[in-house]
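The values are calculated or read from the model by the stated rules, or taken from the named source; none is laboratory data. Everything numeric here is computed off the predicted structure, so don't read it as measured data. When we count neighbours, we look across all protein chains shown, and the Cβ atoms used for this are built from the backbone with ideal geometry, even at glycine.
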């Protein structure tokens with residue numbers, strides 16, 4: 001059972017126990033373009049207490065640099081090297097784990113942020129934001145030239161998703177021997193200010209269905225993302241806590257990496273999913289209503 | 001084990017046993033725009049022997065009327081009332097089985113053929129080929145007005161698939177109480193002259209994934225399609241044979257309806273899928289290389 005946190009001493013005990021605080025962003029620090037009340041104060045408090053603060057997001061539409069712009073715009077202090085996104089982790093995975101040879105390329109179903117991260121890691125790509133691929137013009141297989149150097153297809157949230165991209169990706173995955181099927185993350189939905197839209201997992205779903213095969217997923221809950229963080233910074237998993245709003249991504253990610261987990265109820269997960277007869281089998285160590293609750297320490 | 005047909009007497013015995021011949025089209029009578037050798041002769045032979053001929057296709061991009069155009073163009077005799085498509089069956093299902101009230105509407109992820117069949121059955125719809133829905137412009141949930149009269153979402157192969165259509169369909173399915181999730185068919189791939197493209201099942205896959213729920217599927221292998229044929233014509237299932245090229249649609253459809261089944265190898269299914277260690281668990285009654293093989297009778 002999760003421990004419910006509510007008193008100043010509960011929060012003080014948590015701060016004593018954990019040196020590294022990993023945060024999911026959407027649904028934890030903000031909801032769409034609206035800051036969660038108290039989030040800035042709590043991050044400030046953690047920094048004053050010398051805690052290491054890391055932001056771990058599955059959002060693959062933005063590069064770390066442009067994601068920092070979102071922090072800036074909302075007045076949340078963050079540094080690019082504290083931000084880990086699934087597009088960045090995917091680019092690192094392709095260059096450092098898969099070790100895709102330099103002459104090989106990635107076919108991208110994704111947006112500018114993914115292109116930027118691949119570019120920074122020196123990974124060649126095609127598709128993505130290319131106007132020839134962002135089209136509703138009919139796709140003709142007869143007019144398509146298969147590039148034999150495409151060694152992977154990387155799928156993330158792409159609001160330009162269309163039949164041409166899906167068809168090209170399907171050709172690479174079925175006709176280029178060894179072509180690897182990758183997804184930045186498998187979030188079923190994507191929270192915006194007024195509700196939910198289909199998420200990155202929904203964008204790779206057509207290929208998953210057509211191929212009868214799941215992609216290698218990079219983002220939370222996969223440990224690939226944590227491996228990527230480990231490669232860049234030092235932290236003791238036993239003294240690290242993952243704060244998130246989604247059981248099947250954030251909390252599972254923390255548990256898979258041996259971290260403590262704190263669920264907040266300002267995002268996707270509702271009270272009914274953690275208590276009562278229909279509760280999820282994924283049980284966080286701690287639960288609090290909002291990250292803003294930790295402000296009580298500072299008072 | 002399937003009976004392999006090869007001699008004139010094999011084919012003669014088949015003709016004696018079955019009065020109604022149901023044919024899948026793509027991969028059986030033609031491949032893309034190329035007629036299967038002998039198909040026209042065999043259909044002529046069946047008609048001369050007073051057999052009832054029915055064409056059963058999962059293709060939902062064309063109405064029966066426009067599908068007849070494909071037969072005409074390839075020089076294959078066919079009449080509109082012999083053609084059953086999954087768009088037609090879906091429209092009949094919505095009006096006659098679901099009995100969607102007249103003031104209710106269907107949100108369409110599909111093409112002109114689907115719109116035509118819904119129109120003929122008197123079912124109101126939105127989405128589909130509407131230029132406002134066939135767009136790669138960003139979708140804003142804040143600017144979207146939910147139509148409370150949308151009582152179903154119908155998904156078929158749609159080469160205009162995009163994030164706006166997926167987002168609208170997702171809103172209807174999650175926010176309109178009782179809104180029914182329908183798919184014309186679940187074919188994972190779609191055969192064209194030069195290969196395979198993602199099929200109708202891939203188009204509904206994003207919604208399936210985002211909702212965590214499967215659609216009610218109308219086309220083969222679902223028996224809904226057969227119910228639709230039964231409502232229109234008389235046939236004795238015991239004296240009916242389904243001829244197809246796909247085990248998991250055509251052959252399963254025939255078996256589910258208590259029909260005999262004949263697999264041809266001119267389409268999706270390869271020899272390895274019906275014999276040897278990796279053979280499918282779906283076993284047709286009869287197998288022949290091509291529908292053209294039955295010509296030997298006429299010689």
May I ask you to say which residue of A:42, A:28, A:56 is surrounded by 14 or more Cβ atoms within 10 Å (Cβ to Cβ), in a helix (DSSP H, G or I) and touching a residue at least 40 places away in the same chain (Cβ under 8 Å)?
A:42
Going residue by residue through the stretch A:95-107, is there one that turns out to be within 14 Å of another protein chain (Cβ to nearest Cβ), touching a strand residue (DSSP E or B) at 6+ places or on another chain (Cβ under 8 Å) and closer than 25 Å to residue B:190 by Cβ?
no
Output the residues belonging to the stretch B:284-299 that are modelled with pLDDT of 95 or more, assigned to a loop (DSSP other than H, G, I, E, B) and in contact with a helix residue (DSSP H, G or I) (Cβ under 9 Å, 6 or more places away or on another chain).
B:284, B:285, B:290
Do we have residue A:97 as buried (at least 19 other Cβ atoms within 10 Å of the Cβ) and assigned by TED's automatic domain parsing to the domain that holds residue A:189 here?
no
In the stretch B:172-190, what count of residues is obtained for those that are at pLDDT 95 or above and either surrounded by 22 or more Cβ atoms within 10 Å (Cβ to Cβ) or more than 12 Å from every other protein chain (Cβ to nearest Cβ) (or both)?
11
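Conditions tested, residue by residue: (1) within 18 Å of residue B:86 (Cβ to Cβ); (2) in contact with a strand residue (DSSP E or B) (Cβ under 6 Å, 6 or more places away or on another chain).
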position	(1), (2)
B:235	no, yes
B:249	yes, no
B:266	no, no
B:273	no, no
B:292	no, no
Can you find a residue in the stretch B:279-299 that is within 17 Å of the chain's Cα centre (by Cα) and either at negative phi or assigned by TED's automatic domain parsing to the domain that holds residue B:153 (or both)?
no
Can you say whether residue A:231 is surrounded by fewer than 21 Cβ atoms within 10 Å (Cβ to Cβ), touching a helix residue (DSSP H, G or I) at 6+ places or on another chain (Cβ under 9 Å), in contact (Cβ under 8 Å) with a residue 40 or more places away in the chain and not in a loop (DSSP other than H, G, I, E, B), as far as the supplied structure shows?
yes
Just name the residue that is farthest from the other protein chains (Cβ to nearest Cβ) out of those in the stretch A:143-158 that are part of a loop (DSSP other than H, G, I, E, B) and surrounded by fewer than 18 Cβ atoms within 10 Å (Cβ to Cβ).
A:149
Residue check, residue B:84 in contact (Cβ under 8 Å) with a residue 24 or more places away in the chain, part of a strand (DSSP E or B) and under 30 Å from residue B:291 (Cα atoms):
yes
Only unsatisfied item for residue A:34, checking (1) modelled with pLDDT under 95; (2) out of contact with any strand residue (DSSP E or B) (no Cβ under 9 Å at 6 or more places or on another chain); (3) at positive phi, is (3)
Could you figure out which of (1) at pLDDT below 95; (2) part of a loop (DSSP other than H, G, I, E, B); (3) closer than 15 Å to residue B:5 by Cα isn't true of residue B:279?
(3)
Candidate set: the stretch B:191-200, residues that are in a strand (DSSP E or B) and out of contact with any helix residue (DSSP H, G or I) (no Cβ under 6 Å at 6 or more places or on another chain); chosen: the one farthest from the other protein chains (Cβ to nearest Cβ)
B:191
Candidates A:161, A:203 - the one that is facing chain B (nearest Cβ under 10 Å) and assigned to a loop (DSSP other than H, G, I, E, B):
A:161
Within the stretch B:113-125, does at least one residue satisfy the condition of being part of a strand (DSSP E or B), away from chain A (no Cβ under 14 Å) and in contact with a helix residue (DSSP H, G or I) (Cβ under 9 Å, 6 or more places away or on another chain)?
yes
Looking only at the stretch A:16-24, decide whether some residue is at pLDDT below 95, crowded, with 20+ Cβ neighbours inside 10 Å and not in a helix (DSSP H, G or I).
no
Looking only at the stretch B:234-256, which residues are farther than 16 Å from residue B:53 by Cα and in a helix (DSSP H, G or I)?
B:247, B:248, B:249, B:251, B:252, B:253, B:255, B:256
What's the number of the condition residue B:138 fails, among (1) facing chain A (nearest Cβ under 7 Å); (2) surrounded by fewer than 21 Cβ atoms within 10 Å (Cβ to Cβ); (3) within 30 Å of residue B:32 (Cα to Cα)?
(3)
Please determine whether any residue of the stretch A:214-227 is outside any loop (DSSP other than H, G, I, E, B), surrounded by fewer than 22 Cβ atoms within 10 Å (Cβ to Cβ) and touching a strand residue (DSSP E or B) at 6+ places or on another chain (Cβ under 7 Å).
yes
Scan (1) within 7 Å of chain B (Cβ to nearest Cβ); (2) under 30 Å from residue A:82 (Cα atoms) for the single condition residue A:224 breaks and write down its number.
(1)
